[in-house]
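Computed from the coordinates by the stated procedures, all read-outs in this text should not be read as laboratory data. Worth saying up front: this structure is predicted, and the values here are computed from it rather than measured. Cβ placement follows ideal geometry from the backbone for every residue including glycine, while neighbour counts extend to all protein chains displayed.
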Amino acid sequence: MDVSRTGLTDTTVAVIERARLDWDLRYDEIADALGADESTLHRWRARATRPSRAFRTRLAALSTLMAVVARDYPTPDDARRWLAEPLPALGGYTPRALLTSGRAELLVAVVSLPDVARGAAPTDRR
């Protein structure tokens with residue numbers, strides 16, 4: 001496929017790589033979060049194919065989640081700790097578990113709740 005005709009931008013690759021580097025997610029976890037096969041994810045990274053509209057929507061949700069989380073957890077280490085912490089607002093599940101089951105939209109809603117409902121940000125804990 002001629003990628004120059006697909007309109008593919010670097011946004012897809014940037015979101016995938018930011019999730020991998022900043023949040024320490026493996027490619028298979030990112031693929032799970034997006035509901036894609038890992039081989040498909042690698043084709044996007046190689047710019048061999050372009051994500052469909054449905055996958056672009058999921059990539060946008062992941063990007064939004066990362067931006068919202070960054071407001072309260074500004075460093076990658078803070079965000080990684082948040083991903084690994086079981087939260088009462090998630091029924092005791094970790095954000096990472098919900099993310100890798102394709103629930104980025106739910107996580108966006110949870111991180112938008114007041115601190116009491118989702119746990120205080122690391123910078124607020126004393």
Tell me, what ³J(HN,Hα) does each residue in the range 76-92 have, in order and in whole Hz, if you take phi through Karplus 6.51 cos²θ - 1.76 cosθ + 1.60 with θ = phi - 60° and put x for Gly and Pro?
x, 5, 4, 5, 5, 5, 4, 4, 8, 8, x, 10, x, 5, 10, x, x
Per-residue HN-Hα couplings for the range 14-24 [Karplus 6.51, -1.76, 1.60; θ = phi - 60°; Hz; x = Gly/Pro]
4, 5, 4, 5, 5, 4, 5, 7, 6, 9, 6
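Would you mind putting 87-96, 45-54 in packing order, based on average other-beta-carbon counts within 10 Å, highest first?
Details: 87-96: 15.6, 45-54: 13.8.
Taking the mean over residues of other Cβ atoms within 10 Å, the ranking is 87-96, 45-54.
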For L25, residues with placed amide H under 5 Å, excluding near neighbours:
R20
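Quick one: what do you get for the range 3-118 if you divide its Cα Rg by 2.2 N^0.38 Å? Write out the running numbers ahead of the final one.
Working: Rg = 14.2 Å, N = 116, 2.2 N^0.38 = 13.4 Å.
Its radius of gyration relative to the 2.2 N^0.38 Å reference: 1.06.
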